[in-house]
Amino acid sequence: MDEALVELSRYAPYAFAVAIALFGLYIWLNREKFRSVNVVAVAGISTALVAVATKVVNIPVPATNGYINFGDTMVMFVAMLFGPVIGAFAGGVGSALGDVISGYPGWAPITLIIKGIEGLAVGYIAQKLEGTAGLVVAGTIGGILMVSGYFLFEYYAFGFTAAYSELPGNLVQAVTGIIVGTGLANAIKKRYPEVMDLL
């Protein structure tokens with residue numbers, strides 16, 4: 001079990017470098033559409049929010065050497081507010097940084113992928129659908145992707161029993177993310193609509 005996480009942690013720096021390079025490339029390719037300084041600033045702040053939210057609550061799961069956290073609240077909030085690009089970057093990189101600073105560096109590479117996909121999906125769907133119902137649908141799909149992603153990886157790495165033991169905690173993370181993320185995104189959109197014009 002520990003050997004698998006140690007092996008994965010060796011790839012963390014490369015995964016971070018690739019994610020940052022891809023994000024930079026996206027900004028450069030869309031430099032006419034986006035004001036790069038704003039995008040980079042919002043991405044940085046959003047990434048920090050996700051990392052801090054991931055670090056604040058840590059509930060260890062001995063069966064997988066992982067932990068339950070509430071970073072999904074900020075992943076979903078940021079994605080719902082700023083869309084798929086910021087959602088994917090902040091969700092993936094912020095959550096992976098949260099793993100590292102929380103003492104779980106072995107989880108960072110898989111977290112980068114799963115939470116990045118979660119942020120991408122939530123941001124994309126939230127842009128396509130209107131209102132609170134749209135945000136709930138976006139959060140639900142993102143939550144399903146997150147829970148499924150971790151379950152499949154843990155099943156492969158540790159077996160069914162270990163994967164199943166973390167499933168309830170991941171479901172709580174997803175549901176909390178949907179409720180808090182939707183509530184915060186709705187409140188910001190109504191109270192401070194100018195935030196939407198930052199990008």
- Task: Could you check the simple spin-label distance between Leu171 and Lys128, using points 7 Å along Cα→Cβ, in nm with one decimal?
- Result: 2.7
- Message: Ignoring solvent entirely, what values of log10 I(q)/I(0) come out of the Debye formula for the stretch 51-123 at 0.23 Å⁻¹ when each Cα is a single scatterer?
- Response: -0.88
- For the stretch 71-83, 3J(HN,Hα) per residue [Karplus equation, 6.51 cos²θ - 1.76 cosθ + 1.60, θ = phi - 60°, Hz, x = Gly/Pro]: x, 4, 4, 7, 4, 5, 4, 5, 5, 5, 7, 10, x
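Multiplying the sequence separation of Leu152 and Ile188 by 0.36 nm and subtracting their Cα-Cα distance, what value in nm do you get?
On the way: separation 36, 0.36 × 36 = 12.96 nm, distance 3.45 nm.
Extra length from Leu152 to Ile188 when fully extended: 9.5 nm.
Bear in mind that the values in this text are calculations on the coordinates, not laboratory data. Values in this document were obtained by computation on a predicted structure and should not be read as measured data. Ideal geometry is used to build each Cβ from the backbone, glycine not excepted, and the neighbour counts take in all protein chains shown.
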